[in-house]
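The values are calculated or read from the model by the stated rules, or taken from the named source; none is laboratory data. Computed from a predicted model, the values in this text were never measured in an experiment. A quick note on method: Cβ atoms are made from the backbone with ideal geometry, for glycine too, and the neighbour counts reach across all protein chains shown. Please note that ligands, DNA and RNA were not included when accessible areas were found on the heavy atoms of the full protein model with its side chains. Shrake-Rupley method; radii C 1.70, N 1.55, O 1.52, S 1.80 Å.
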Amino acid sequence: MRKNLAYFRVNYAAVVTLTLAAALAAHPGSLAALLALLAAWCLLYALRTFSDREVLGGLVAASAFVVFLTSVGSLIFSALALGAAVVCAHGACRVPEDLFLDEPDQINGGSANPLLSFAAAVTGGGRV
């Protein structure tokens, strides 16, 4: 599973992100609450009407309220758990034997430079 995590890291992040986005899209009230919280953070830090300590304290309290005392937190944690379950299932079931080759020549079809691996087929495998 560790090899799959290293190899599919970007794909796994995309799966978790899409899971979270789909969950928020399915619950527009939670999405609106998070957008209002984001707007409050941006607005209060942009206006500078209060001291930084007062703004930070108020916004942390508002964030804790929105995330932990409403359904927003439950939705976020459920979506992240679902995404993690999908990632773990793929990582446990996928056999990584053919993904990890030791030699750069084997990986790139004979070309030592991965940026020029497409040219290996045209030039006969990169051998002169």
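Details
- Taking trypsin sites (Lys or Arg not before Pro) across region 14-98, the ones in a DSSP loop with at most 11 further Cβ atoms lying within 10 angstrom of their Cβ are 48.
- With all protein chains in place and a 1.4 Å probe, the accessible surface of region 1-105 carries 71 percent carbon and sulfur.
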